[in-house]
Amino acid sequence: MKKYGVTAIGELLIDFTQNGISEQGNALFEANPGGAPCNVLSIISKLGDKTAFIGKVGKDSFGKQLKSALEEVGIDATYLYMDEEVHTTLALVHTFADGDRDFSFYRNPGADMMLTEDEIPEDLIKDTKIFHFGTLSMTHEGVRNATKKALDIAKKSGCIISFDPNLRPPLWDSLDNAKEQVLYGLQFCDILKISDNEIQWLTGEEDYTDGVKWILERYQIPLILVSMGKEGSRAYYNDTMVEVAPFLQKNTIETTGAGDTFGGCVLHYVLAHGLENLTEDNLTEMLRFANAAAALITTRKGALRVMPSEEEIKELLKK
C-alpha cells in the first residue's frame with residue numbers, strides 16, 4: 001500500500017483577488033493562497049485522502065503564509081522549499097461581471113521557477129498512487145527539467161499520472177513552446193483534464209469530441225475530462241462519452257479554482273474506484289460530484305483554504 005493518495009508538483013503562489021472598492025474608488029485586493037496543483041490537493045485532502053506537494057516559494061512573508069496554508073488544509077509540505085533569493089510568485093486576478101477572470105503574473109523570476117532536479121524527492125513519488133502536474137512548472141528550463149525527472153520517476157513507479165495543462169499564455173515565451181510542452185505531458189498521462197478553450201487551441205478542432213479524437217489518435221489516455229464552464233463537463237473513457245450539466249449558482253462570485261476543484265474530485269473518485277472497468281453510471285456519478293464541488297467554490301473568494309466539504313457537496317446534489 002502506498003502512503004499518499006496524490007502528490008503534485010508545480011506552482012504555489014499568492015492570488016490577489018478583487019474584494020471590494022476603497023473609499024477612494026480603488027479596487028481592493030485580498031492575498032489568497034493559490035496555484036492550481038495545490039488547489040487540486042486541497043479538495044482531495046478535504047475529502048479525506050493523504051496528499052503531498054513538491055514546489056518552491058520565497059523565504060518571505062508570502063512564502064510563510066503559503067506554507068501555513070498548506071499545513072492548515074492537511075497537505076504534506078515537507079518538500080515545499082523556500083528560496084533565499086527569489087520572491088514568492090504573485091498573480092493579480094481581475095474578475096469580470098460574469099465571474100470569468102484575467103491574470104497578471106509577477107514571475108520574472110518567481111520562486112516556483114527555481115525548483116531543481118536535485119530537489120525532486122524520489123521516495124515520496126514512489127510512495128504515491130496518483131502523481132499530478134500541469135504546465136506552469138514547464139515554462140522555464142530548470143523547473144521543466146525537475147518536472148520531467150519527477151514524471152520519469154512516477155512512470156517507473158507505476159503511479160497513475162494526472163495532467164491538467166492549465167494554459168496561461170502570458171507566462172510563455174511563445175505558444176508554440178507551450179504546445180510542445182503540453183504534447184510532452186500527454187505522453188505520460190493516464191488522466192487528462194482539459195478545458196474547452198484549451199482543447200480547441202491544442203487540436204484546432206472546434207468540436208470537443210473531434211478534439212478528443214485528435215488526442216487519442218496520438219496518445220493512449222484512458223480517461224479524458226473536458227471542463228466546459230457554464231456548459232458542464234464531459235468524460236471520455238474507452239468508447240463512452242458522458243456529459244453532465246453544471247450546477248449553476250445564483251451567488252457565484254468568481255470562477256477561480258473551479259476547474260481545479262473539479263479535477264481534484266475526479267482524482268478522489270479514481271482513488272476510490274480505480275481506472276479499470278468504469279461504467280457509464282460511474283462516470284456520471286463522478287462528474288455530478290465534481291460539477292457540484294466546482295459550483296460551490298465559485299461562491300467563495302479564493303479556493304485553496306475554502307474548499308467545500310463532502311457534506312456540502314452531497315447537500316447540493318440532493319437539491
Quiz item: List pairs: first in segment 114-129 and closer than 11 Å to residue 150 by Cα and modelled with pLDDT of 95 or more, second among the basic types (Lys, Arg) and surrounded by 14 or more Cβ atoms within 10 Å (Cβ to Cβ), Cβ under 6 Å, 6+ apart or cross-chain?
Solution: 117/149; 120/149
Practice problem: Go over the candidates 99, 48 one by one and state the one that is assigned to a loop (DSSP other than H, G, I, E, B), closer than 27 Å to residue 254 by Cα and modelled with pLDDT under 95. | Solution: 99
Quiz prompt | Top-ranked residue in segment 183-206 [being touching a Leu at 6+ places or on another chain (Cβ under 6 Å) and among the hydrophobic types (A, V, I, L, M, F, W, C); ranked as surrounded by the fewest Cβ atoms within 10 Å (Cβ to Cβ)] | solution = 188
Quiz item: How many residues are out of contact with any Leu (no Cβ under 9 Å at 6 or more places or on another chain) and at positive phi when one looks only at segment 227-263?
Solution: 1
Self-check item: Close pairs (6 angstrom Cβ cut-off, 6 or more residues apart or separate chains): without any contact (Cβ under 8 Å) to a residue 60 or more places away in the chain and closer than 20 Å to residue 302 by Cα in segment 240-253, surrounded by 18 or more Cβ atoms within 10 Å (Cβ to Cβ) and hydrophobic (A, V, I, L, M, F, W, C) anywhere
Solution: 249/295
Quiz item: Could you count how many residues in segment 302-317 are surrounded by fewer than 18 Cβ atoms within 10 Å (Cβ to Cβ), of a type outside the set (Gly, Ala, Ser), part of a loop (DSSP other than H, G, I, E, B) and touching a residue at least 60 places away in the same chain (Cβ under 8 Å)?
Solution: 1
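Acidic (Asp, Glu), surrounded by 14 or more Cβ atoms within 10 Å (Cβ to Cβ) and more than 23 Å from residue 192 (Cβ to Cβ): is that true of residue 285 in this structure? Step through it out loud before you land on a result.
Values: acidic (Asp, Glu): yes; surrounded by 14 or more Cβ atoms within 10 Å (Cβ to Cβ): yes; more than 23 Å from residue 192 (Cβ to Cβ): no.
Against the criterion (acidic (Asp, Glu), surrounded by 14 or more Cβ atoms within 10 Å (Cβ to Cβ) and more than 23 Å from residue 192 (Cβ to Cβ)), residue 285 does not qualify.
Filter segment 63-72 down to the residues that are touching a residue at least 24 places away in the same chain (Cβ under 8 Å) and surrounded by fewer than 20 Cβ atoms within 10 Å (Cβ to Cβ), then identify the one that is nearest to residue 51 (Cα to Cα). Before the answer, list the steps.
If we filter segment 63-72 for residues that are touching a residue at least 24 places away in the same chain (Cβ under 8 Å), which is where we start, we get 63, 65-66, 69-70, 72.
Keeping just the survivors that are surrounded by fewer than 20 Cβ atoms within 10 Å (Cβ to Cβ) gives 65, 72.
Values: 65: 19, 72: 13 Å.
For segment 63-72, the residue satisfying everything is 72.
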Quiz item: Since residue 86 meets every condition but one in (1) over 19 Å from residue 261 (Cβ atoms); (2) in contact (Cβ under 8 Å) with a residue 40 or more places away in the chain; (3) outside any strand (DSSP E or B), which condition does it not meet?
Solution: (2)
Self-check item: Filter pass, residue 50 being among the basic types (Lys, Arg) and under 18 Å from residue 265 (Cβ atoms)
Solution: yes
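The values are calculated or read from the model by the stated rules, or taken from the named source; none is laboratory data. Every value quoted in this text rests on a predicted model; they were computed, and no experiment measured them. Don't worry about glycine lacking a Cβ; one is built from the backbone with ideal geometry, like all the others, and counts go over all protein chains shown.
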